[in-house]
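Notes follow once the structure below has been shown.
Where a number appears in this text, it was derived from the coordinates with a stated rule and is not lab data. Quick caveat: nothing in here was measured; it's all calculated off a predicted structure. Here the Cβ is made from the backbone with ideal geometry for all residues, glycine too, and neighbour counts use every protein chain on show.
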Protein chains: 2
Amino acid sequence: MKTVTVNLGERSYPIFIGQNLLGNPELIQPYVQGKQVMIVSNETVSPLYLEKILPAFQGLNIEAVILPDGEQYKTLDVLNQVFDGLLSEKFDRQATLVALGGGVVGDMTGFAAACYQRGVNFIQIPTTLLAQVDSSVGGKTGVNHALGKNMIGAFHQPQCVVIDTDTLNTLPDRELSAGFAEVIKYGLIDDIAFLQWLENNVTLLLKRDADALNYAIARSCQSKARIVSLDEKESGVRALLNLGHTFGHAIETSMGYGTYLHGEAIAIGMVLAARLSATMGWLSNEDVVRVARLIKRFQLPTTIPANMTPADMWQRMQVDKKVRDGKVRLVLMQKLGLSLLTDQYDPALLQKTLQVGQQEIAT
Amino acid sequence: MKTVTVNLGERSYPIFIGQNLLGNPELIQPYVQGKQVMIVSNETVSPLYLEKILPAFQGLNIEAVILPDGEQYKTLDVLNQVFDGLLSEKFDRQATLVALGGGVVGDMTGFAAACYQRGVNFIQIPTTLLAQVDSSVGGKTGVNHALGKNMIGAFHQPQCVVIDTDTLNTLPDRELSAGFAEVIKYGLIDDIAFLQWLENNVTLLLKRDADALNYAIARSCQSKARIVSLDEKESGVRALLNLGHTFGHAIETSMGYGTYLHGEAIAIGMVLAARLSATMGWLSNEDVVRVARLIKRFQLPTTIPANMTPADMWQRMQVDKKVRDGKVRLVLMQKLGLSLLTDQYDPALLQKTLQVGQQEIAT
C-alpha cells in the first residue's frame, strides 16, 4: 500500500492506494469520529461492493442511501435523498458519510457532508479510475445545474481517501478509458516524463496490469495532492487541473449529462486546447498529433460531436467558473508538459478552433 | 450611525446600524468586489425597498430574483430559483449577492452565495427586526428540510450587514413582536441589565420609538458579534444563542413552517426552557413568571400549541443539531442572565415540562 498526503494544515488527510483495502477496519475506522456511518452509493456499485466495505465499519451504526447511477442524477433534487436518509435516521453532527462509487457519488456525498447540519465528516472510497485519480482528491464537491456543470457546491475536504485498485476489475472498458483522460491531463499540465511513461504503457494499462495501474494512480494522486496543497480554493495554480474542462463541460451540458462520460468530454477538450495552443504558436502540429494519438490509443474521442455547432459550444463555454469580467479564461499549453491559465488568446483563433473541431486529426 | 464589528480575522466585517442607509453607495459599494450584483428579495419586501436600494449599486450590473414570502418557501427547491437567475445572467465568481428581506431571504441568499460556484460574496440588508438582531449576523445560512429546520446549510460570512432601522416602519406588528423574542434572548443568555432595560422599555419599543429601537438593535448585535467572534462554528459558547430553539424548531416543523413565526416559536421555547430550569431548581418560580410576563407584554405566545402532544414535541426535538450520541442537549438557564448548554437535565422533568407546557403561566 502507498500513502500520499494532501497537506492542508488542520485539514490534511491521507490517500491510501493498494489492493484489498475495502473492508479493513484498522485502516479506515481511525477516520470515523462518531458512531453513525451513512454509506452513499449507487445502483451499479452497491451490489458489487457494499457488503465488502461493511467490515470496515463494524461496531458502528451503519445506514446506506443508494442513488441512481449517472451524471444526469447529479442534481440538487437527488441530493435531497441523502438528506432524507440522514434525517429520518436521526444522524447528528458527529456522523460520517462514506462515498462508495465514482465521481458523481463522491461529489454528491461530499456536498451533502458539507451542507448537512452545516458540515459533517466524510470519507471517499472511489471505485472508478476517474474518481481515484481526480475527483475524490482535493475537496471539490457539488452538483450540476441544467445551465452549467458543478455550478453548485462547496470546498469540503474528506477525512481520508481509500483507493482499492481491485475495484477496477469490475469497471467497464469505456469507464476505464474515460479515467485515463484525467491521467493524461497530469502529464500535459506539468509532467512530460509521465506523459512519455503513459505513451510507453498504454497496452499494459488497458490490459489492467495491476502494477502499471498502481503506478499511474499513485503518480496522478501525487500530482493532484501537490497542486491542491498549494492552492486549495483555486485562486491560482489549481485552475490548471481544468485543462480541457471548459470545452468538455460545454459538450457535457449540450449533449445532456451522461451522453458523453466526463472523461470523454475532457479528452475532446484537451485536444481542442492543444489545437488552440498550436494556432497561437505555442505547440507544434506534431505536438497536437502526439496528444490526439495518445488520447485515441486510450479509446477516447478527439472531436466535437457532429450535432454541436461552434455557436452552441461558445455559448456554453461562457458559463464557466473561470470566467472573470465576462472573459472566458482557458487552460492552454505553452508546450507539452507546461500549461497555463490565460485570457490572452486570440478570440478569432478560438472560433476557428471550434469550427475545425469536428474534423479528425490524422494520427 | 453605529458600527459594530464581527471580529473573525480575515472574515471580519462591519454591521452598520442607523437611519436612511439603504441607498447609500459610499457606505455599501466598498463591499462589492466585482461588477455583478444579484439582489434577492421577496414579494412583500421588494415593492417597498427594491427601488430604494438601487442607488447603492449604481454603475454596476444589477439583477434581481424575487422569491415567494414565508418560512415554508425556505427550501432547496426555491433556492434553485436563485441559481437559475445567476446562471441565466452568466454571473461569475466575482458576483455579489444582496439579501434584501427578513431571515428567510437572508438565510437563503447566504446559502446560495456559499454554494454558487463553490462560494461568492454577499451582503445582508435585513428589513425585519428578527433578521436585524439575529439571523443577518454571524454567517449561519441554510434552508429547511421537511424533517428539520435549518438542517441543510453552511457557515458563510457576509461582507457587511446594513441595518436601516427605517425599514421597521413598514413591518407588521406581529413580525415586530416576533423579532423581540430574539432580543429578549440576549438578556436571558448573559445580560441581566439588558433584560431589565427591556422590561422598562416595552411600551416605547412597541410604539417603535426610534431611539429605543436603535439601542435594542445595537445592543443585540454587540451581543451576537461578541459570541460569534468567540466561536464562529459553534463548537462551544455560540450554542447559547439557541436558547429556546430546540423547543421552538419542534413547534415550527410540527405546525408546518409559517404557521408560527420563528420568533413566536422561540418565545414559547424560552418559556419552556425557563420552566424546565425551574424544575431543575435553577430558576425560582418568580423567575419563570418574570420571563413569561415579559414575553407576553411583547404580544408573544408562551404555551405549546393546543394540538401538539408532548410525544410529538419530544419526537421532533430529537432532530436537532445539538444532539450528540443520541442525547438531546438543551440550552437552559442556571439563573436569569446565565444560560448553559447541557445534557445534565432529568429526562423525566423534561417530559413533565412538555406535559404542562400547554398551560398558561399566571402572570
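Run the simple label-point estimate for A:Ala193 and B:Gln358 please: 7 Å along Cα→C-beta, distance reported in nm.
Going by the 7 Å Cα→Cβ label model, 7.7 nm.
Relative to the other copies, what are the label-point distances for A:Val356, with labels 7 Å from Cα along the C-beta vector, expressed in nm at one decimal and sorted shortest first?
Going from nearest to farthest copy, the values are 8.6 nm.
Can you show me the helix-derived [θ] at 222 nm for the protein assembly as shown, built from DSSP H runs with n ≥ 4 at -39,500 (n - 2.57) apiece and divided by the number of residues, rounded to the nearest 500.
After summing the helix terms and dividing by residue count, I get -13000 deg cm²/dmol.
If R₀ is 45 angstrom, what is the calculated FRET efficiency for the pair B:Val202 and A:Ala64, using the beta carbon separation as r and rounding to 0.05?
Between B:Val202 and A:Ala64 the formula returns 0.25.
Give the separation of the Cα centroids, the range B:25-71 to the range B:5-22, in Å.
17
In debye to the nearest 20, how big a dipole does the range B:1-59 give about its Cα centre with +1 on each Lys and Arg Cβ and -1 on each Asp and Glu Cβ? The partial results should precede the final answer.
Details: 4 positive and 4 negative charges, 22 e Å.
Its charge dipole is roughly 100 debye.
Averaged over B:323-332, how many beta carbons belonging to a partner chain fall within 10 Å of each residue's beta carbon?
Shielding by partners across B:323-332 averages 2.
For label points placed 7 Å from Cα toward Cβ, what is the shortest-first list of nm distances from A:Leu8 to its copies?
Spelled out, the distances from A:Leu8's label point are 1.8 nm.
Let me know the charge dipole size of the range B:2-170 about its Cα centre in debye, to the nearest 20, where only the beta-carbon of Lys, Arg (+1) and Asp, Glu (-1) is charged.
The dipole of the range B:2-170 has a size of about 440 debye.
Averaged across the residues of B:114-125, what count of C-beta atoms belonging to other chains lies within 10 Å of each residue's C-beta?
4
In chain A, what residue has the beta-carbon at the shortest distance from the axis of the rotation relating A to B, and what is that distance in angstrom, rounded to the whole number?
Spelled out as residue then distance in Å, it is A:Leu76, 3.
Quote the relative contact order of chain A in percent (integer), defining contacts as alpha-carbon pairs under 8 Å separated by 6+ residues. Provide the component values of the computation, followed by the final result.
On the way: 708 pairs, mean separation 55.6, N = 363.
Computed over chain A, the figure is 15 percent.
Treating the point 7 Å from Cα along Cα-beta-carbon as the label, what are the nm separations from A:Gln315 to the other copies, to one decimal?
5.0
Would you be so kind as to identify all helices of chain B, as entire DSSP H runs, whose Cα atoms reach 24 Å or more along the helix's own axis and whose mean Kyte-Doolittle hydropathy is at least 0.5?
Those that clear 24 Å and a mean of 0.5 are B:262-279.
Extending each Cα 7 Å along its Cβ direction at B:Lys2 and A:Arg11, get the distance between those two points in nm, one decimal.
Each label point is offset 7 Å from its Cα along the Cβ direction, giving 3.5 nm.
Compute the separation of the alpha-carbon centres of the range B:215-263 and the range B:305-363 and state it in Å as a whole number.
If you average the Cα positions of each part, the centres end up 16 Å apart.
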